[in-house]
Amino acid sequence: MSGESAPAFKTIPHHAPVADAERAALLANPDFGRVFTDHMVTIRYNTDAGWHDATVEARRPITMDPAAAVLHYAQEIFEGMKAYSLEGGGAVLFRPDANARRFANSAERLAMPALPEDMFIQSVSQLVSIDRAWIPTTPGGSLYLRPFMIAGEAFLGVKPASDYLYMVIASPVGSYFKSGPKPISVWVSRSYTRAAPGGTGAAKCGGNYAASLPAQAEAMRQGCDQVVFLDAIERRWVEELGGMNVFFVFDDGSLVTPPLSGTILPGITRDSIITLARASGLDVREEPYSIEQWRADAESGRLREAFACGTAAVIAPIGEVKDGAGSFSMAQGRENDSVAQSLRRSLTDLQRGAAADAYGWVHRVF
Ligand SMILES: *Cc1c(COP(=O)(O)O)cnc(C)c1O
């Protein structure tokens, strides 16, 4: 943490925001990540001045030197979070302090400066506030927020850059999976791994995603929605999907999720699910679970459900597991009495302000 106090935000409202009718048409069917709001946040950093020039302004392309470090050595990190509209008006963020902390941890791993956590929360809140007309009020809709930081120094030597640009953009979204919370199919990648011990698996950086694309493409070619990664050493322990953590639900009602060993992204949804499940009396174990065990437990019926979770999709039950070494399917509980559906409801009720906020997770923006 740089220790200096947060600079005040300068706001320059868009002189020609999207007209009401056009915005309404865009909000009617926003898809995921294709529609953007009128504004963006920028904050600059250099080693001499620290964080400065915090601005909320019209969203527009940015210019950078072709030698900017991010373009060559991928010094980049990001976050993913959502603003939810409340039924009676107003909007909330869900655990933004956890995103702020994770962003600082990712920064440290990529040798970038940590943005003070209060500045992170303020930056996101400012954007949600000025672009409040863009927050969907449709069921399952929300305003997806994408804070990120890139290295801007024009220098081809390999070293941490001396200047950085932090930005936040926002995108109204409907449901992540077009099919709704129907079971997804997953492909177990035997050719690729996502993260190795000592690597960047626990940091939210673009490079992890770039490297996961061939595995995701392989999954799509196999007719699956998502890829499942195994550990890089023994190639048997289930780690996570390309961008979602994973849980297993057993016939005794207990849950298992792979432990945060450094190669798994510490999901805030994962953490919230562990807390909510334990509060409802379920036993949750963070322990390694192998792909052979997954198949055996699915076949014996000991394993009742498997589901993936993350901010974008919330909770997605896993139906089919396709694997070169033998495919199998999960016998999912009935749609409305599965543990996945009940946890999904607890989580979304909290995010919508429809359930008591026992953990102080809900942060009111306006
Ligand atoms: C962001 C992300 C997740 C999910 O994290 P949430 O905080 O729950 O959204 C899981 N895995 C990877 C690789 C991610 O990048």
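Below are the figures for this structure:
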{"item": "A111 vs. criteria hydrophobic (A, V, I, L, M, F, W, C) and within 15 Å of V173 (Cα to Cα)", "result": "no"}
{"item": "Scope region 61-102; condition more than 16 Å from the ligand (Cβ to nearest atom), surrounded by fewer than 23 Cβ atoms within 10 Å (Cβ to Cβ) and in a helix (DSSP H, G or I); matching residues", "result": "V70, L71, H72, Y73"}
{"item": "Filter result for the condition that a residue is under 17 Å from the mean Cα position of the chain (by Cα) and surrounded by 15 or more Cβ atoms within 10 Å (Cβ to Cβ), over S185, S142, S129", "result": "S142"}
{"item": "Candidate set: region 276-286, residues that are assigned to a helix (DSSP H, G or I) and more than 16 Å from the ligand (Cβ to nearest atom); chosen: the one nearest to D252 (Cα to Cα)", "result": "R278"}
{"item": "Long-range neighbours under 7 Å by Cβ, at least six apart or interchain, first residue free of Cβ contacts under 8 Å to residues at least 12 places away in the same chain within region 253-279, second more than 14 Å from the ligand (Cβ to nearest atom)", "result": "R278/V284"}
{"item": "Leading residue by the ranking (farthest from G353 (Cα to Cα)) among those in region 80-116 that are among the acidic types (D, E) and in contact (Cβ under 8 Å) with a residue 60 or more places away in the chain", "result": "D97"}
{"item": "Test: residue in region 356-363 that is part of a strand (DSSP E or B) and among the hydrophobic types (A, V, I, L, M, F, W, C)", "result": "yes"}
{"item": "Residue list for region 338-366, filter: touching a residue at least 24 places away in the same chain (Cβ under 8 Å), touching a helix residue (DSSP H, G or I) at 6+ places or on another chain (Cβ under 6 Å) and either outside the structural domain of F247 (by TED's automatic domain parsing) or over 13 Å from T275 (Cα atoms) (or both)", "result": "H363, V365, F366"}
{"item": "Pick from region 295-335, criterion farther than 16 Å from K182 by Cα and among the acidic types (D, E), ranking: surrounded by the fewest Cβ atoms within 10 Å (Cβ to Cβ)", "result": "E299"}
{"item": "Residues of region 297-324 that turn out to be within 13 Å of the ligand (Cβ to nearest atom) and aliphatic (A, V, I, L, M), as a count", "result": "6"}
{"item": "Of all residues in region 232-254 being buried (at least 22 other Cβ atoms within 10 Å of the Cβ) and more than 17 Å from the chain's Cα centre (by Cα), the one that is farthest from L276 (Cα to Cα)", "result": "V238"}
{"item": "Some residue of region 287-296 being more than 27 Å from G198 (Cβ to Cβ), touching a strand residue (DSSP E or B) at 6+ places or on another chain (Cβ under 8 Å) and within 16 Å of the ligand (Cβ to nearest atom)", "result": "no"}
{"item": "Any hit, region 214-222, residues being of a type in the set (S, T, N, Q), more than 11 Å from the ligand (Cβ to nearest atom), surrounded by 17 or more Cβ atoms within 10 Å (Cβ to Cβ) and part of a loop (DSSP other than H, G, I, E, B)", "result": "yes"}
{"item": "Test result for R304, basic (K, R), within 30 Å of G88 (Cα to Cα) and not in a loop (DSSP other than H, G, I, E, B)", "result": "no"}
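The values are calculated or read from the model by the stated rules, or taken from the named source; none is laboratory data. Everything numeric here is computed off the predicted structure, so don't read it as measured data. Here Cβ is always computed from backbone atoms with ideal geometry, including for glycine, and neighbour counts include all displayed protein chains.
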